[in-house]
Amino acid sequence: MINEKVQNVLNSQINKEFYSAYLYLAMSAFFDEIGLYGFSNWTKVQAREEVDHGMILFDYIIERDGTVNLEQINSPDREFHNPLQVFEKILEHEKFVTESINCVASMSEDECDLATRHFINWYISEQVEEEANARDVITKLKMFGDDKASLYHLDQDLGKREYKAHTYK
Ligand code: OFO
């Protein structure tokens, strides 16, 4: 049986992952509206990965004989203006998620739940990658400035991202 405090933070992490999916979907819709279909693809693929992140937590709680508690998912932020501003929001959001994952790790340590402490390592590595991905696009967008041709090429590049189901095991 999983420790109750750890179960609570894992349930709240499920909610954050599904909120992340909503946020990326809202961004994807924005990019579709402004005709950046590659950016739209990239954020839509990310939304699907976020659902996977939520489901891995869901399955883990069940596997540990715990109780899944699905909380209400808030409406996502819809204040989007341009690609750079959206990717800065992505980085800010991912930093928030990283902090939240770190809290799960330290809570599981405090509660001597070493199985969860081990499990959460997968998310710790994933967050390093997610922050780096956002930072990479921000760097390019800053470098390109108002150059529409470079933006077009970046859009083509981001359009190549393909969804691969994320699994823990
Ligand atoms: Fe699930 O990592 Fe992004 O939010």
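The values are calculated or read from the model by the stated rules, or taken from the named source; none is laboratory data. Please read these numbers as outputs of a predicted model, since none were measured by experiment. Here the Cβ is made from the backbone with ideal geometry for all residues, glycine too, and neighbour counts use every protein chain on show. The accessibility values were calculated without ligands, DNA or RNA, using every heavy atom of the protein model including side chains. Shrake-Rupley method; radii C 1.70, N 1.55, O 1.52, S 1.80 Å.
Checking each residue in region 52-72 for being surrounded by 17 or more Cβ atoms within 10 Å (Cβ to Cβ), without any contact (Cβ under 8 Å) to a residue 60 or more places away in the chain and in contact with a Phe, Trp or Tyr (Cβ under 8 Å, 6 or more places away or on another chain) picks out only 54.
Right, residue 117: free of Cβ contacts under 8 Å to residues at least 40 places away in the same chain, buried (at least 16 other Cβ atoms within 10 Å of the Cβ) and away from the ligand (no atom under 16 Å from the Cβ) or not? So residue 117 passes the test. Pairing each residue of region 97-113 that is more than 11 Å from residue 13 (Cα to Cα) with any residue that is part of a helix (DSSP H, G or I) and open to solvent by 10 Å² or more (accessible area, probe 1.4 Å), provided the two are 6+ apart or on different chains, yields C-beta distances under 6 Å for 107/9; 108/117; 109/117; 111/5.
Any idea which of 77, 59 is modelled with pLDDT under 95 and on the phi < 0 side of the Ramachandran plot?
Details: 59 fails: modelled with pLDDT under 95.
Criteria check complete, one pass: 77.
Is it the case that residue 99 is surrounded by fewer than 17 Cβ atoms within 10 Å (Cβ to Cβ) and within 21 Å of the chain's Cα centre (by Cα)? Yes: the conditions hold for residue 99.
Every residue, every condition in (1) among the hydroxyl-bearing types (Ser, Thr, Tyr); (2) open to solvent by 70 Å² or more (accessible area, probe 1.4 Å); (3) over 22 Å from residue 95 (Cα atoms); (4) modelled with pLDDT of 95 or more, yes or no:
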| position | (1), (2), (3), (4) |
| --- | --- |
| 128 | no, yes, no, yes |
| 132 | no, no, no, yes |
| 150 | yes, no, yes, yes |
| 154 | no, no, yes, yes |
| 162 | no, yes, yes, yes |
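For region 26-51, taking the residues that are without any contact (Cβ under 8 Å) to a residue 12 or more places away in the chain and part of a helix (DSSP H, G or I), the one that is farthest from the ligand (Cβ to nearest atom) is identified as 33. In this structure, does residue 83 turn out to be at pLDDT 95 or above and over 25 Å from residue 152 (Cα atoms)? So residue 83 does not fit the description; no.
Residue 106 fulfils the conditions (1) of a type outside the set (Asp, Glu); (2) in contact with a helix residue (DSSP H, G or I) (Cβ under 7 Å, 6 or more places away or on another chain); (3) in a helix (DSSP H, G or I) except for a single criterion, (2). Could you tell me whether residue 1 is closer than 21 Å to residue 138 by Cα and either part of a helix (DSSP H, G or I) or open to solvent by 30 Å² or more (accessible area, probe 1.4 Å) (or both)? So residue 1 does not fit the description; no.
Mind checking whether some residue in region 65-85 is assigned to a helix (DSSP H, G or I) and more than 22 Å from residue 143 (Cα to Cα)? Let's see the steps before the verdict.
Let us first name the residues in region 65-85 that are assigned to a helix (DSSP H, G or I), namely 83-85.
With more than 22 Å from residue 143 (Cα to Cα) added as a condition, the list becomes none.
No.
Taking region 73-94 only, how many residues are within 16 Å of the ligand (Cβ to nearest atom), open to solvent by 40 Å² or more (accessible area, probe 1.4 Å) and touching a Phe, Trp or Tyr at 6+ places or on another chain (Cβ under 8 Å)? Going through region 73-94 one residue at a time, the tally reaches 3.
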